[in-house]
Amino acid sequence: MKSLYIMGMPGSGKTVVVLGLAQKVRQEGLSAAYFKPVANGKRVPGGVDLDAVLMKEVLGMNVPLEKIAPLSAGPFYLSSHGAYEGAEEKIMEAFNEVGSFADVVLIDGALSPYVLSSCGLDSVSLAGKMGAAAVLVVKAENDFSLDEALHMSRCLARDGIEVLGVIFSNVPRALYSKTEGVYKPVLEREGFKVLGVFPQRPEIVSPTVGEYYEALGGEILACPDRLNLVVEDIVIGAMTMESALGYFRRLANKAVIFGGDRADLALAALETSTSALILTGGLYPDVKVIARAEEKKVPVILVHYDTYTTIEKLGRVSRHIRPGDRDSIQAALENVEKYFDWQHVLSFLKKV
């Protein structure tokens, strides 16, 4: 059994990498299992990890969810007195059970590589205990992203962890050439392979209207069956009516946030590419807004928060691919097939 530990910072796209790689490994004739030793507390009703639910279905794993994701850690985990006594044994027992059913175990790192360092259960320590090679996933945002990749790769290597390579994920179009032409050569001169440069893909990284609704609550006033729409931008409707339409036209698949009393802005937004209207302050809109939203098939969500609180809550929302998101699951596989040196990884996994 070979194992790869995919690790990175929050929002780096670790699970998307695992999702795509797992599908490709199976296509190439190896059985794959998913393991998430330390979940981050984002769970579905019933207390199970969202990513574990997704990967169990995609891979058809006949293993209990509590074995796939045996431990959870929130930001105040030390307040749970004695909660992590025996945690290492629990993790390793689950890892061995999951691994007994597969040629390859793909291990999804915690929210950050340093989570649970105080217990010796951080991603680096666990990779050593499991004998796993590391794949580092870095979200490409600016030159500091290169520094992150270098620093983490050096730290892993110093701790005796084999670094199979680095993936730059969610790379904006404006940064793609620089990532390929500058960041990649710098890493490879230091002896660290760049396995892939993944372009930004809204169907993978952008939250859906439904995920925003889960974070906000409130009432759905129109199109409750359209919550699967992707939101690529958030716009605060604080501009004058004269400038609104031109501004709205520049942004596609957006959510527009304003008070329910701004029917003029709502109707203007509905004439452009809009995924959702979010009305703040508990103010119900004019019936013309609801009627037009139904015509345009745009969900309308009414919340009782003010605009500032609404924006703050939306800023904490991230995309979680669900088992039914077939387009997103296929896009994860396409990333691996088009932008990833999967042959290099496969040769490592097949090496005796």
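Suppose we filter Thr274, Thr307 for residues that are open to solvent by 20 Å² or more (accessible area, probe 1.4 Å) and assigned by the TED database to the domain that holds Ile236; which single one remains? It would help to see each step written out before you state the result.
Details: Thr274 fails: open to solvent by 20 Å² or more (accessible area, probe 1.4 Å).
Step by step, each of Thr274, Thr307 is checked, and only Thr307 is open to solvent by 20 Å² or more (accessible area, probe 1.4 Å) and assigned by the TED database to the domain that holds Ile236.
How many of the residues in the stretch 168-186 are in a helix (DSSP H, G or I) and either of a type outside the set (A, V, I, L, M) or surrounded by fewer than 20 Cβ atoms within 10 Å (Cβ to Cβ) (or both)?
Taking the stretch 168-186 and keeping what is in a helix (DSSP H, G or I), we get 173-186.
Now drop any that are not either of a type outside the set (A, V, I, L, M) or surrounded by fewer than 20 Cβ atoms within 10 Å (Cβ to Cβ) (or both), which leaves 173-174, 176-186.
Total meeting the criteria: 13.
Here is a yes/no grid of residues against (1) touching a Gly at 6+ places or on another chain (Cβ under 9 Å); (2) within 17 Å of Leu21 (Cα to Cα); (3) open to solvent by 40 Å² or more (accessible area, probe 1.4 Å); (4) of a type in the set (Gly, Ala, Ser):
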| position | (1), (2), (3), (4) |
| --- | --- |
| Val303 | yes, no, no, no |
| Ser318 | yes, no, yes, yes |
| Ile321 | no, yes, no, no |
| Asp327 | no, yes, yes, no |
| Val336 | yes, yes, no, no |
| Phe340 | yes, yes, no, no |
| Gln343 | no, yes, yes, no |
| Ser347 | no, yes, yes, yes |
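Restricting to the stretch 224-245, and then to whatever is farther than 22 Å from Arg326 by Cα and at pLDDT 75 or above, can you tell me which residue is surrounded by the fewest Cβ atoms within 10 Å (Cβ to Cβ)? Show your work before the answer.
Let us first name the residues in the stretch 224-245 that are farther than 22 Å from Arg326 by Cα, namely 233-245.
Of the ones still in play, those that are also at pLDDT 75 or above are 233-237.
Working: Asp233: 16, Ile234: 19, Val235: 21, Ile236: 14, Gly237: 23.
Selected residue: Ile236.
I'm trying to understand the selection: among the residues of the stretch 153-205, which are under 30 Å from Ser125 (Cα atoms) and among the hydroxyl-bearing types (Ser, Thr, Tyr)? Steps first, answer last, please.
So in the stretch 153-205, the residues under 30 Å from Ser125 (Cα atoms) come out as 153-171, 179, 183-198, 204-205.
Ser153, Ser169, Thr179, Tyr183 - these are the residues of the stretch 153-205 that are under 30 Å from Ser125 (Cα atoms) and among the hydroxyl-bearing types (Ser, Thr, Tyr).
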Practice task
Could you tell me whether the stretch 154-161 includes any residue that is at pLDDT 95 or above, open to solvent by less than 70 Å² (accessible area, probe 1.4 Å), closer than 20 Å to Phe340 by Cα and touching a strand residue (DSSP E or B) at 6+ places or on another chain (Cβ under 7 Å)?
Solution key: no
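Quick one: which residue in Asp122, Asp108 is touching an Asp or Glu at 6+ places or on another chain (Cβ under 7 Å) and either in the same structural domain as Asn40 (by the TED database) or at pLDDT 95 or above (or both)? Please lay out each step first, then the result.
Numbers: Asp122 fails: touching an Asp or Glu at 6+ places or on another chain (Cβ under 7 Å).
Result of the check over Asp122, Asp108: Asp108.
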Completion exercise
Result of the Cβ filter at 8 Å on the stretch 323-337, keeping first residues that are of a type in the set (Val, Ile, Thr) and partners that are open to solvent by less than 10 Å² (accessible area, probe 1.4 Å), at least 6 apart or interchain, is Ile329/Leu19; Val336/Val17; Val336/Gly20; Val336/Leu21; Val336/Gly196
Exercise for the section: Could you run through the stretch 127-180 and say how many residues are more than 22 Å from Phe35 (Cβ to Cβ) and within 23 Å of the chain's Cα centre (by Cα)? Expected result: 24
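This table checks each residue for (1) assigned to a helix (DSSP H, G or I); (2) among the aliphatic types (A, V, I, L, M).
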site	(1), (2)
Glu203	yes, no
Glu214	yes, no
Gly246	yes, no
Leu251	no, yes
Val256	no, yes
Asp261	no, no
Ala266	yes, yes
Leu279	no, yes
Leu283	no, yes
Fill in the blank from the handout: For the stretch 24-39 the number of residues that are open to solvent by 30 Å² or more (accessible area, probe 1.4 Å) and either part of a helix (DSSP H, G or I) or not assigned by the TED database to the domain that holds Glu88 (or both) is 2
Exercise for the section: Go through (1) at pLDDT below 95; (2) open to solvent by 60 Å² or more (accessible area, probe 1.4 Å) one by one and return the number of the condition Gly99 breaks. Expected result: (2)
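The values are calculated or read from the model by the stated rules, or taken from the named source; none is laboratory data. Here the structure is a predicted model, which means the values were calculated and not measured. Cβ sites come from the backbone with ideal geometry, for glycine too, and all protein chains shown count toward neighbours. These accessible areas exclude ligands, DNA and RNA; they are computed on the full protein's heavy atoms, side chains included. Shrake-Rupley method; radii C 1.70, N 1.55, O 1.52, S 1.80 Å.
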